[in-house]
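One structure below.
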Amino acid sequence: TYYADNTAGAASFKNGQIDVAMDFNHTDLAALKTAGIPDANVDAISGTTYEQNSWNYADLTKKFGADGAKALMTALHYAYNKDEIITRITGGTVTAICNFNSPLTWWYKNVTCPTFDLAKANSILDAAGFKLGSDGIRVAPNGTKAELLGCTSAGRPYRVNTLTLLATQLKAAGLKLDVHPVPSTGG
């Protein structure tokens, strides 16, 4: 049986209509508890999956030039408040890592994440010539507004919520991120 959302899957699990439920993740733990499923019935273990935001560097280079894209990407590392995302979106159930390998893999190497530092992000953008416009959105030296488009699956609300929170965080650096959830099939 396929469920369009995990709330329906949790209800079927609780009612004994299904014996195993997959495709739940960290953001569903509270819903499982709310549905009255005892913790003993939920095998919640850390896995080797991860969520990431991928930036289209080639497109950013077209929009802002090579130097502008490099400065923007560097500033983004400091404009993200990963701790706020972890706390507000996932309820503290995940850990930030700054590479593509899970700490559970034998080849994992710890990479220190840049610390959230809005002043540093703004300083990088200022030094690169991104001027703050009267509307609060920066403009690159080539005249292009720092307006970005973020797309994610509408079937995963925590992804939409993450991008929405990120848009608020980036606004403080003069960057506009429009969040565009797209319909998904299969979650």
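The values are calculated or read from the model by the stated rules, or taken from the named source; none is laboratory data. Here the structure is a predicted model, which is why all the values come from computation and not from measurement. Backbone-built Cβ (ideal geometry, glycine too); neighbour counts: all protein chains shown. Keep in mind that these areas ignore ligands, DNA and RNA; they rest on the heavy atoms of the full protein, side chains included. Shrake-Rupley method; radii C 1.70, N 1.55, O 1.52, S 1.80 Å.
Among the residues of region 41-50, at least one is within 30 Å of residue 8 (Cα to Cα), more than 22 Å from the chain's Cα centre (by Cα) and assigned to a helix (DSSP H, G or I). Looking only at residues of region 158-183 that are over 30 Å from residue 129 (Cβ atoms) and in contact with a helix residue (DSSP H, G or I) (Cβ under 6 Å, 6 or more places away or on another chain), we find that the one that is least open to solvent (accessible area, probe 1.4 Å) is 158. Confirm whether residue 112 is in a loop (DSSP other than H, G, I, E, B), of a type in the set (S, T, N, Q) and open to solvent by 50 Å² or more (accessible area, probe 1.4 Å). Here the answer is yes, as residue 112 does meet what is asked. Does residue 27 count as at pLDDT below 75, part of a helix (DSSP H, G or I) and surrounded by fewer than 16 Cβ atoms within 10 Å (Cβ to Cβ)? Taking the combined requirement at face value, the residue does not satisfy it. Just so you know, in region 140-155 the residues that are touching a residue at least 40 places away in the same chain (Cβ under 8 Å) and among the polar types (S, T, N, Q) include one that is nearest to residue 24 (Cα to Cα), and it is 144. With the structure loaded, tell me whether residue 109 is in contact (Cβ under 8 Å) with a residue 24 or more places away in the chain and basic (Lys, Arg) or whether it fails that test. In short, no.
Could you tell me which residue of region 81-98 is farthest from residue 115 (Cα to Cα), considering only residues that are without any contact (Cβ under 8 Å) to a residue 60 or more places away in the chain and not in a helix (DSSP H, G or I)? Step by step, filter region 81-98, then rank; the result is 92. For region 138-157, filtered to residues that are surrounded by fewer than 18 Cβ atoms within 10 Å (Cβ to Cβ) and in contact with a helix residue (DSSP H, G or I) (Cβ under 7 Å, 6 or more places away or on another chain), the residue that is farthest from residue 82 (Cα to Cα) is 142. Give the residue that is farthest from residue 24 (Cα to Cα), with candidates limited to residues of region 119-128 that are touching a residue at least 24 places away in the same chain (Cβ under 8 Å) and surrounded by 15 or more Cβ atoms within 10 Å (Cβ to Cβ). So the residue we want is 128.
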